[in-house]
Amino acid sequence: MHVVDILDRLIAFPSVVGTPNGEIAGWIKDFAEQYGAKVTVLPGPEGDRVNLFATLGPADVPGYILSGHMDVVPPNDPTNSRNLFQMQKVGTKLYGRGASDMKGYLAACLAILPGLAGKSLKQPLHLAFSYDEEAGCRGAPHMISRLGELCAKPLGAIIGEPSGLRAICGHKGKAAVRIGVQGRTGHSSRPDQGLNAIHALVEVLNAAVETAHSLTHGPFDPLFDPPYSSLQVGTIKGGQSVNIIPDLCTADLEVRAIAGLTPLEILEPIRLKLERLKDLGYGIDWKVLSNYPGMSLPMDSDLSLLVQELSGQPPLAAVSYGTEAGLYQMAGVDAVICGPGDIGHTHKPDEFIETDELEACQRMLEHLAERLVA
């Protein structure tokens with residue numbers, strides 16, 4: 001099965017983040033098993049989503065992980081006329097939701113399996129496909145926590161986020177939280193008898209804005225753009241009518257932290273500001289929506305040099321977006337980002353990947369597999 005045909009099949013599964021993924025996971029499982037892979041289905045706590053871990057070769061010997069996610073962002077652009085879950089080929093471009101992010105990489109991983117069928121590997125090749133990466137890397141931690149029972153400690157993990165097949169050795173960490181304030185409603189003519197939740201939350205958000213400004217003054221890391229940590233208020237909701245005292249207000253905050261800083265620690269002063277509202281009679285809520293660490297791999301590390309050799313391109317020190325790579329590093333597994341496609345083409349109605357990029361990724365992974373054959 002050609003890599004383009006595999007991508008066509010994968011795009012046809014509407015595996016939107018936060019929804020059941022049994023269909024795409026089942027198809028991948030069947031495909032991998034027919035070429036001799038041992039596949040383990042790892043259900044997540046949600047009950048309707050799974051991670052997949054597949055191994056070719058001896059699991060008790062250190063090998064390499066090819067890591068990707070099966071979920072895609074929702075097709076939420078009302079102006080789009082294209083069926084995003086039906087791949088369309090226009091010239092050399094392959095259009096469809098997830099073509100770059102990151103079903104193209106999954107297709108390349110699967111496309112190398114037929115060539116390995118029947119071959120004896122001295123070191124294993126693992127496929128680690130996760131769910132809900134687009135919701136803040138929610139699925140991968142459940143799989144990574146079980147690596148010890150699935151295989152010997154890997155030599156490294158290649159996370160196939162779109163990078164133009166260039167090794168990326170670092171990225172920022174990220175956390176997102178939802179904060180809520182519960183007040184007391186009433187008629188707006190008697191504010192003395194109510195507790196205005198919006199007014200209360202504004203005080204907390206002012207602290208968030210002040211923190212965001214302070215981060216622009218450092219600390220700095222010139223590897224990133226911007227070279228400092230960042231914080232923003234992304235959404236705010238509250239109130240029913242201008243003449244009703246709002247009794248509920250919520251906001252979502254996001255922080256992206258340079259290496260050496262922990263995202264949730266940056267948010268701690270804001271959490272403490274929220275806590276103080278309890279003394280004024282308000283109810284409060286602080287919910288962590290996502291939290292994953294940054295990633296930093298020396299550019300002269302064995303894994304970086306290996307991927308540089310395989311891809312034929314020099315590595316890039318760092319990017320500002322996040323991936324599952326930091327989770328592998330936190331578990332003691334070296335990780336690097338390298339996948340086909342362009343991050344600038346993702347999360348858009350006209351998302352696409354070039355056919356030659358897809359085929360080049362397949363060749364790169366085949367070169368890796370050749371090193372593992374006995």
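If you take the residues in the stretch 228-268 that are under 25 Å from ASN291 (Cα atoms) and of a type in the set (D, E, K, R), which one is surrounded by the most Cβ atoms within 10 Å (Cβ to Cβ)?
Among those that are under 25 Å from ASN291 (Cα atoms) and of a type in the set (D, E, K, R), it is ARG256.
This table checks each residue for (1) in contact with a Phe, Trp or Tyr (Cβ under 7 Å, 6 or more places away or on another chain); (2) free of Cβ contacts under 8 Å to residues at least 60 places away in the same chain; (3) on the phi > 0 side of the Ramachandran plot; (4) of a type in the set (S, T, N, Q).
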site: HIS2; (1), (2), (3), (4): no, no, no, no
site: ILE6; (1), (2), (3), (4): no, no, no, no
site: ASP30; (1), (2), (3), (4): no, yes, no, no
site: GLY36; (1), (2), (3), (4): no, no, yes, no
site: LEU84; (1), (2), (3), (4): no, no, no, no
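Quick check on the stretch 202-227: of everything there that is assigned to a helix (DSSP H, G or I) and charged (D, E, K, R), which residue is nearest to GLY173 (Cα to Cα)?
Taking the stretch 202-227 first, the residues assigned to a helix (DSSP H, G or I) are 202-215.
Still in the list and also charged (D, E, K, R): 203, 210.
On the way: GLU203: 26, GLU210: 20 Å.
Here the answer is GLU210.
Kindly establish whether VAL90 is of a type in the set (Val, Ile, Thr) and surrounded by 22 or more Cβ atoms within 10 Å (Cβ to Cβ).
Numbers: of a type in the set (Val, Ile, Thr): yes; surrounded by 22 or more Cβ atoms within 10 Å (Cβ to Cβ): no.
In short, no.
With respect to the numbered conditions (1) more than 27 Å from ALA128 (Cβ to Cβ); (2) within 29 Å of the chain's Cα centre (by Cα); (3) in a loop (DSSP other than H, G, I, E, B), which one is the sole condition not fulfilled by ARG166?
It is condition (1) that ARG166 fails.
Mind checking which residues of the stretch 178-201 are outside any strand (DSSP E or B) and free of Cβ contacts under 8 Å to residues at least 60 places away in the same chain?
Residues of the stretch 178-201 that are outside any strand (DSSP E or B), as a first pass: 183, 185-186, 188-194, 196-201.
Matches in the stretch 178-201: GLY186, SER188, SER189, ARG190, PRO191, ASP192, GLN193, GLY194, ASN196, ILE198, HIS199, LEU201.
Readers should treat all values here as calculations from the given coordinates under stated rules, not as data from a laboratory. These numbers were taken from a predicted model, which means no experiment stands behind them. FYI the Cβ positions are ideal-geometry reconstructions off the backbone, even for glycines, and counts take in every protein chain you see.
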